[in-house]
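The values are calculated or read from the model by the stated rules, or taken from the named source; none is laboratory data. Here the structure is a predicted model, which is why all the values come from computation and not from measurement. Ideal geometry is used to build each Cβ from the backbone, glycine not excepted, and the neighbour counts take in all protein chains shown. Just so you know, the surface numbers come from the protein's heavy atoms only, side chains and all, with ligands and any DNA or RNA stripped out. Shrake-Rupley method; radii C 1.70, N 1.55, O 1.52, S 1.80 Å.
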Amino acid sequence: MDEEEEAHFLRLVSILHDLLVCDTTTKEKTEELQNHTVNLLTNMPRASYEELLTPLSEGAVGGMDNKEVEYDGNSMEAVIALLAFLDRRLDKPVKSLKESLTPILHCMCEICRGNRCIRKYCKQKVLPPLRDDVKRLPQDGQTLRNKLCKHLTSSVQEIKELVADFLFVMCKEKAEKMVKYTGYGNAAGLLASRGLMCGGKGPGEYSSDSSDSDTEEYLKLRENINPVTGRWETEKSDPLAGMTEEQKEYEAVELAKLMHKLHSDGIVQPCRIGEDGRPEPVDHILELQEDITDPTDQEPNTDMD
């Protein structure tokens with residue numbers, strides 16, 4: 001792309017910014033205008049998304065005080081409009097779920113990848129520091145995070161993948177951070193497809209600085225948060241308490257038999273995590289034991305730092 005083309009795209013995104021924040025005669029007109037604007041934004045080069053950010057002007061902006069739209073010295077009015085548009089589409093799809101959500105989700109993924117300031121702002125609004133909201137499932141509630149997490153298990157493949165990608169980008173493509181906000185169960189599909197079931201990060205390049213810090217409420221609850229569900233749970237009694245070693249062995253054998261039957265009947269396909277970090281089918285249930293090491297067989301660590 002030469003300088004002239006780049007200038008044209010920057011000018012076009014600047015116009016799209018103005019369309020996102022302009023007033024219309026009715027809510028329906030606003031929805032229609034923003035819908036068309038989102039479709040155009042999705043096709044712009046990432047370098048041009050900086051034009052969605054504008055210098056702060058004196059006084060109120062779009063009926064909001066400067067402090068409501070300011071972030072890192074920029075006016076985020078256009079990004080606020082896009083997040084509000086996404087929120088409305090998550091609440092009430094105007095068409096089919098796929099037609100309503102695919103364009104705006106794709107747009108949010110692109111602008112967050114294309115501009116660091118926009119990504120950080122969206123992270124602040126969509127995935128704010130966790131507090132006592134971890135006492136409920138990530139998909140329960142009315143915040144943007146809750147609404148997006150509901151769609152991580154959507155039956156519509158495109159929606160499920162785009163929602164996961166949007167959340168993943170805001171987490172700087174770090175598996176551990178993604179699981180923290182969504183629960184491993186909700187994130188498993190994305191992690192499996194990208195070879196990150198054992199952790200790690202995606203190929204995206206992000207700044208190393210981080211403003212993340214856990215709240216006191218979260219730190220108090222963190223120890224009892226179930227990583228699979230992403231929810232704080234009260235301590236439960238040990239189901240194996242009071243059982244002899246022989247009883248435990250018997251129950252383990254019975255469980256293995258039941259899993260083998262489900263596998264033989266084609267109901268489930270047991271897998272283990274392969275070297276590429278993705279699920280790898282096994283032919284027999286006992287293969288799942290092969291990578292398990294006995295901690296009593298490990299040599300003690302004699303290194304002293």
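Listed values, structure above:
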| item | result |
| --- | --- |
| Selection status of Lys98, in a helix (DSSP H, G or I), over 22 Å from Glu51 (Cβ atoms) and open to solvent by 40 Å² or more (accessible area, probe 1.4 Å) | yes |
| Some residue of the stretch 70-86 being open to solvent by 60 Å² or more (accessible area, probe 1.4 Å) and of a type outside the set (Asp, Glu) | no |
| Pairs where the first residue, in the stretch 31-49, is aliphatic (A, V, I, L, M) and the second is exposed (fewer than 14 other Cβ atoms within 10 Å of the Cβ), C-beta under 9 Å, 6+ apart | Leu33/Cys22; Leu33/Thr24; Ala47/Met1; Ala47/Glu6 |
| Scope the stretch 118-138; condition more than 16 Å from Ala84 (Cα to Cα) and in a helix (DSSP H, G or I); matching residues | Lys120, Asp132, Asp133, Val134, Lys135 |
| Test result for Val13, in a helix (DSSP H, G or I), touching a Pro at 6+ places or on another chain (Cβ under 6 Å) and buried (at least 17 other Cβ atoms within 10 Å of the Cβ) | no |
| Positions within the stretch 130-143 being under 14 Å from the mean Cα position of the chain (by Cα) and surrounded by fewer than 18 Cβ atoms within 10 Å (Cβ to Cβ), in sequence order | Thr143 |
| Which listed residue is at pLDDT 90 or above, under 19 Å from Cys112 (Cβ atoms) and open to solvent by less than 10 Å² (accessible area, probe 1.4 Å), from Leu162, Leu167 | Leu167 |
| Answer from Gly195, Gly199 - the residue that is on the phi > 0 side of the Ramachandran plot and in contact (Cβ under 8 Å) with a residue 40 or more places away in the chain | Gly195 |
| Members of the stretch 241-275 found to be surrounded by fewer than 10 Cβ atoms within 10 Å (Cβ to Cβ) and more than 17 Å from Gln289 (Cα to Cα), listed by number | Ala241, Gly242, Thr244, Glu245, Glu246, Asp265, Gly266, Ile267 |
| Helices (runs of 4 or more DSSP H) completely within the stretch 167-278 that count 1 or more residues being in contact with a Phe, Trp or Tyr (Cβ under 7 Å, 6 or more places away or on another chain) | 175-182, 184-193, 216-221 |
| Among (1) loosely packed, with under 12 Cβ neighbours inside 10 Å; (2) at pLDDT 90 or above, the one test that Thr229 misses | (1) |
| Within the stretch 21-54, considering residues that are over 14 Å from Ile111 (Cα atoms) and within 25 Å of the chain's Cα centre (by Cα), the one surrounded by the most Cβ atoms within 10 Å (Cβ to Cβ) | Gln34 |
| Contacts under 7 angstrom Cβ, first residue in the stretch 145-157 being modelled with pLDDT of 95 or more, partner of a type in the set (Asp, Glu), 6 or more apart | Asn146/Asp140 |
| Residue that is of a type outside the set (Phe, Trp, Tyr) and more than 30 Å from Cys112 (Cα to Cα), where the choices are Glu246, Glu217 | Glu246 |
